[in-house]
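The values are calculated or read from the model by the stated rules, or taken from the named source; none is laboratory data. On a predicted model such as this, the values are computed, not experimentally measured, just so you know. Neighbour counts run over all protein chains shown; Cβ positions are idealised from the backbone, glycine included. Side chains are part of the model used for accessible areas, which takes the heavy atoms of the whole protein and leaves out ligands, DNA and RNA. Shrake-Rupley method; radii C 1.70, N 1.55, O 1.52, S 1.80 Å.
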Amino acid sequence: QVHLVESGGGLVQAGGSLRLSCAASGRSISSYAMGWFRQVPGKERDFVAAITWNGVNRYYSDSVKGRFTISRDNAKNTVYLQMNSLKPEDTAVYYCARRIGTLWRSRDEYDSWGQGTQVTVSS
């Protein structure tokens, strides 16, 4: 079983940047697509971005397209989410997960969720 740990969250002003990391242990994630989701209290966990196993194809929600970039380093068993031009509405707990299904944007297609990292964007 793969164990995922997110890090890099914090408090940032609107317009600022953060880089999230998702480090995997227990098993290699190099053959799996990976995704980032986010969740605010009382709401569902929403898709943010995903990347194929080789990094060739990337997918983004409309709300983050052009501002966020997902990447991965299979040698380090790590996935990243570079977040630029942050907005207060980006405030959420961010989770990474391993894709085991065929759909890109449904959280039901992912497993091995990490514990999440809090991102707070002040206005």
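Descriptive notes on the structure:
- Cβ-Cβ under 8 Å pairs, at least 6 apart or on other chains, segment 19-35 side free of Cβ contacts under 8 Å to residues at least 40 places away in the same chain, far side surrounded by fewer than 14 Cβ atoms within 10 Å (Cβ to Cβ) and part of a strand (DSSP E or B): Gly26/His3
- Output for segment 71-104, where each listed residue is within 14 Å of Gly8 (Cα to Cα) and under 12 Å from the mean Cα position of the chain (by Cα): Thr78, Val79, Tyr80, Leu81, Gln82, Met83, Ala92, Val93, Tyr94, Tyr95, Cys96
- Residue ranges of strands (runs of 3 or more DSSP E) in segment 1-61 with at least 3 members open to solvent by less than 30 Å² (accessible area, probe 1.4 Å): 18-25, 34-39, 46-51
- Restricted to segment 105-123, and to residues there that are of a type in the set (Val, Ile, Thr) and more than 12 Å from the chain's Cα centre (by Cα), the residue that is surrounded by the fewest Cβ atoms within 10 Å (Cβ to Cβ) is Thr120.
- Residue under evaluation Arg72, criteria (1) outside any strand (DSSP E or B); (2) surrounded by 14 or more Cβ atoms within 10 Å (Cβ to Cβ), criterion not met: (1)
- Residue satisfying all of: in segment 80-123; outside any strand (DSSP E or B) and small (Gly, Ala, Ser); nearest to Pro41 (Cα to Cα) among these: Gly116
- For segment 75-104, the set of residues classified as surrounded by fewer than 16 Cβ atoms within 10 Å (Cβ to Cβ) and among the charged types (D, E, K, R) consists of Lys76, Lys87, Glu89, listed by residue number.
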